[in-house]
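Working notes, beginning with the structure itself.
The values are calculated or read from the model by the stated rules, or taken from the named source; none is laboratory data. Please read these numbers as outputs of a predicted model, since none were measured by experiment. Cβ coordinates were reconstructed from backbone atoms using ideal geometry, including for glycine residues, and neighbour counts include every protein chain displayed.
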Amino acid sequence: MAGKEKDDQSDTASETSDDAKSVRSSQEHEATPATSVEDLALPCKGLCDDLDPVYDITKLLVDDGKAIPRPKFTAMTAALDEYEWSRHSLFHPSCLPPTHPLLPHALGITHPNLEAPLRALPTTLVVHDPSNVLPANKSERVRDWDSETDWEDDADVLRVYRLHTGAAGEALPEERVAHLYLAADRTHGQGHHSFVYIGELDVARTLLPGYTHTLGNEQPAAEPDALAGSISLRDPEFEGVLGLAPPIARVSVAAKLGIKGDDHLAREARMYARFPAALSQHHRGTTRCTEIDEPVPYGAVVPQFFGYYVPCDEPKDKGYLSAILLVEACGTSIEGKTLNSHERRTTASLFSRLHDVGFVQNSEYPRNMLIQPGPLSLPPVQRSRSTPSFRLIDFGRAIDEEELNIIEANEDGTCSLTYLAGDTLDGLWRHTWRPYVCRYFL
Ligand SMILES: Nc1ncnc2c1ncn2[C@@H]1O[C@H](COP(=O)(O)OP(=O)(O)OP(=O)(O)O)[C@@H](O)[C@H]1O
Ligand SMILES: [Mg+2]
């Protein structure tokens, strides 16, 4: 493909005779379209449209364990006093019980992976970055950072980020503050343009998908009026669980950072913001997809999106701080040769389903397809590799119809998109689907 980035070619080295066989079989498949399947022409028609909710992680929340030493937490948050929202935040030391916040990345404690949409995205993210991962540069990270000891002992470094809503700098009417803890020894993946960490996120418990008033306790809920006097919160949804369950909860998420001077992360965030909700929902049963000749599982196509955050203030030393894309952590990259043919068709179907709602991912490589034990409707301990959950990631080169319309409206005919191989989304799809998807995934 003419404009395809050079680094994208790296995986082609792994092409083997098996791959060649796959290409042949996909060409045969192309030559004999499955016209016998009546609804094949319909994009991704669900045979069974029931939503299949993921397991309610509120049952797995860890509420005890070591807390960040109180004096340390108080000193940290004093640094936020210059922000008006900080004094009213749920995370102000005057609001949080001394048992919280928990020490980040503590030895032996695994916080549940956030797998369903938050009830609302945090508007302000306080990022704890004592090992200096935010510059997204390996050489600037604290080399010997050890989360098992250093969160308790070493000084913290706080950075304030805002949810990027497109209207930079505008004050948002409601503050929903969350805290994100990043650590150099919690790297989860690295791409040509990015570093991905498993971060721990503290959010108001009321924002969690499975939140209910009487969460995890037998006691009657306290009267809202009684709480009103004792708690100072601006989170409009907070209805009072103080004393019954901690007002914040710790979950795990994937935090993607982009290297300096690279625009892939911002593009990816735009795509996530435009994806229809259905792309990250799980359905029971199977679906049929254009180009795939058998029913495939009707799971989510992409990870949940938890927001794109940009630094609120320029750092004093004027150094670079990456924006942060927060998404659901969805496992590890696939190794093509370990998938059976049904699994390969399932992975290919995700590209097809994305295309059917008007997007081309445009970077079709095994490293951009994740696998984890499933199904996600079961508790994590009951999930199995034999019923896997796949997810397509990395939309830093993706194109959608909205973008194409903008380009077409450009009168001088110029196009800044180096990835654009065809005049239309379908042109681009044909360019990518045949040589890449079929080779690796079918
Ligand atoms: N949501 C996620 N859950 C788990 N792991 C992830 C997630 N997103 C990314 N990763 C891991 O991080 C790696 C790099 O992420 P990603 O592919 O998004 O970055 P990139 O720099 O755009 O990649 P590329 O080199 O393909 O351009 C992935 O290959 C994967 O191993
Ligand atoms: Mg990638």
Count of residues meeting criterion [under 30 Å from Thr187 (Cβ atoms) and in a strand (DSSP E or B)] in region 254-296: 5
Filter result for Glu364 (within 30 Å of Gly427 (Cβ to Cβ) and not assigned by TED's automatic domain parsing to the domain that holds His164): yes
Subset of region 300-320 (residues that are assigned to a loop (DSSP other than H, G, I, E, B), under 24 Å from the mean Cα position of the chain (by Cα) and over 14 Å from Leu158 (Cα atoms)): Ala300, Val301, Val302, Pro303, Gln304, Tyr320
Test: residue in region 352-359 that is modelled with pLDDT of 95 or more and of a type in the set (Ser, Thr, Tyr): no
Of all residues in region 239-293 being acidic (Asp, Glu) and within 30 Å of Asp50 (Cα to Cα), the one that is modelled with the highest pLDDT: Glu268
Any hit, region 60-67, residues being touching a Gly at 6+ places or on another chain (Cβ under 7 Å), more than 25 Å from Tyr309 (Cβ to Cβ) and either without any contact (Cβ under 8 Å) to a residue 12 or more places away in the chain or surrounded by fewer than 20 Cβ atoms within 10 Å (Cβ to Cβ) (or both): no
Every residue from region 342-377 that is away from ligand 1 (no atom under 15 Å from the Cβ) and among the charged types (D, E, K, R): Glu343, Arg344, Arg345, Arg353, Asp356
One residue from Leu404, Leu376 being assigned to a helix (DSSP H, G or I) and of a type outside the set (D, E, K, R): Leu404
Among (1) modelled with pLDDT under 75; (2) more than 16 Å from ligand 2 (Cβ to nearest atom); (3) out of contact with any Gly (no Cβ under 9 Å at 6 or more places or on another chain), the one test that Tyr436 misses: (2)
Sole residue being part of a loop (DSSP other than H, G, I, E, B), exposed (fewer than 14 other Cβ atoms within 10 Å of the Cβ), of a type outside the set (A, V, I, L, M) and over 27 Å from the mean Cα position of the chain (by Cα), chosen from Pro93, Pro97, Pro71: Pro97
Qualifying positions in region 72-121 - under 21 Å from Ile57 (Cβ atoms) and without any contact (Cβ under 8 Å) to a residue 24 or more places away in the chain: Gly108
Hits in region 310-345 - residues which are in contact (Cβ under 8 Å) with a residue 12 or more places away in the chain and basic (Lys, Arg): Lys337, Arg344, Arg345
Selected residue (only one of Val160, Val133, Val127 is crowded, with 22+ Cβ neighbours inside 10 Å and either of a type in the set (Asp, Glu) or not in a loop (DSSP other than H, G, I, E, B) (or both)): Val127
